[in-house]
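Dropping the structure in here first, questions after.
The values are calculated or read from the model by the stated rules, or taken from the named source; none is laboratory data. Nothing here was measured: the structure is a model prediction, and the numbers come from that model. We place every Cβ from the backbone using ideal geometry, glycine too, and count neighbours over all the protein chains shown. Just the protein is used for accessible areas: all its heavy atoms, side chains included, with ligands, DNA and RNA removed. Shrake-Rupley method; radii C 1.70, N 1.55, O 1.52, S 1.80 Å.
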Amino acid sequence: MTALARPTNGRMIGGVCAALARRFGTSATTMRVIFLVSCLLPGPQFLLYIALWILLPSENKTRTAW
């Protein structure tokens with residue numbers, strides 16, 4: 001598994017689904033579909049997406065830190 005960081009390439013809005021897909025070894029499209037389907041269920045999915053968008057570092061910032 002790779003570090004959890006929002007990629008600079010392949011992001012649609014914030015890169016959260018692309019980061020989760022890279023972390024768990026699935027495609028970004030699959031993760032986006034899972035997120036959209038989960039939005040049909042009751043719960044704070046949209047708020048969780050925004051929180052991850054704010055909390056996850058961008059990939060270019062994590063590369064320069066090392």
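Quick one: accessible surface of Leu36, probe radius 1.4 Å, all protein chains present, in square angstrom to the nearest 10.
Accessible surface of Leu36 is approximately 110 Å².
So, R0 is 22 Å and r is the distance between the beta-carbons of Ser38 and Asn9; what FRET efficiency does that work out to, to 0.05?
For R0 = 22 Å, the calculated efficiency reads 0.35.
So, R0 is 25 Å and r is the distance between the beta-carbons of Thr26 and Leu48; what FRET efficiency does that work out to, to 0.05?
0.90
Another question about this same structure. Between helix 28-38 and the chain, what is the angle of the helix's C-alpha long axis to the longest principal axis, kept within 0 to 90° and rounded to the nearest 10?
For 28-38 against the chain, the angle is about 40 degrees.
I've got another one for you. How much solvent-accessible surface does Ile13 expose, in Å² to the nearest 10, with a 1.4 Å probe and all protein chains in place?
Accessible surface of Ile13 is approximately 120 Å².
Over the chain, what is the relative contact order in percent, taking alpha-carbon pairs closer than 8 angstrom and at least six residues apart?
Numbers: 63 pairs, mean separation 24.8, N = 66.
For the chain, the relative contact order is 38 percent.
At 0.890 mPa s and 25 °C, plugging the Kirkwood radius over alpha-carbon pairs of the chain into Stokes-Einstein gives what diffusion coefficient in µm²/s? The partial results should precede the final answer.
Details: Rh = 12.2 Å.
The Stokes-Einstein estimate is 201 µm²/s.
May I ask you to give the percent of accessible area on the chain that is carbon plus sulfur, with a probe radius of 1.4 Å?
70
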